[in-house]
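Engineer: Here you go, one structure.
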Amino acid sequence: MPSSTNEFLEKTLSAQVSIPTPQIPKPPVLVGIGGTAVNLASIKLSLAEHDPQQIHGAPLSLQEITNQIRLFRAGTINDRLMIPGLEARRADVIIAGAAIVQSILKHVGVEQIYVSTRGLRYGVMYDRFVMHNPTLSH
């Protein structure tokens, strides 16, 4: 990937995550959901086949994400297709997705995320009905 493209991506993401937002405390844990997070965890685990049980709950550090971005940028889309754990249909968009995750972690000041294969609806339901219900929470 040309350096000018990398610079453009970094400037754009920096501008987007720097938009003033209400002051909120640093979250104790960040959870990554969706295709990018799942693929980054799958790559970390070198999975030959998608395995939600192995991926769910996997931690991904900011350094691991940075290293994966370097790996993605070092090759072509065809090279990315050979990376164990990366879905073929994500080979063309994984750099942008990983860079977004990286930017969010840096902006929030968190060193790692945990990957969920269950999605946003599950998290909302868990928060609503388990976390705030003393009879169900741990």
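The values are calculated or read from the model by the stated rules, or taken from the named source; none is laboratory data. Please read these numbers as outputs of a predicted model, since none were measured by experiment. When we count neighbours, we look across all protein chains shown, and the Cβ atoms used for this are built from the backbone with ideal geometry, even at glycine.
Engineer: Among the listed residues D79, D127, identify the single one that is among the acidic types (D, E), at pLDDT 90 or above and over 16 Å from the mean Cα position of the chain (by Cα). Break it down stepwise before answering.
Structural biologist: Numbers: D127 fails: at pLDDT 90 or above.
D79 is the lone residue from the list that is among the acidic types (D, E), at pLDDT 90 or above and over 16 Å from the mean Cα position of the chain (by Cα).
Engineer: Right, here's the next one. Could you grab me the full set of residues in the range 79-93 that are in contact (Cβ under 8 Å) with a residue 12 or more places away in the chain and assigned to a helix (DSSP H, G or I)?
Structural biologist: Hits for the range 79-93 are R80, R90.
Engineer: I've got another one for you. Go through the range 59-70 residue by residue and tally those that are crowded, with 17+ Cβ neighbours inside 10 Å and over 15 Å from V115 (Cα atoms).
Structural biologist: 2
Engineer: Kindly establish whether P134 is closer than 30 Å to F8 by Cα and modelled with pLDDT under 95. Step through it out loud before you land on a result.
Structural biologist: Working: closer than 30 Å to F8 by Cα: no; modelled with pLDDT under 95: yes.
So P134 fails the test.
Engineer: Same structure again: Using beta carbons and a limit of 6 Å, which pairs, at least six apart or on different chains, have the first residue in the range 94-114 and at positive phi and in a helix (DSSP H, G or I) and the second one surrounded by fewer than 15 Cβ atoms within 10 Å (Cβ to Cβ) and of a type in the set (D, E)?
Structural biologist: No pair meets every condition.
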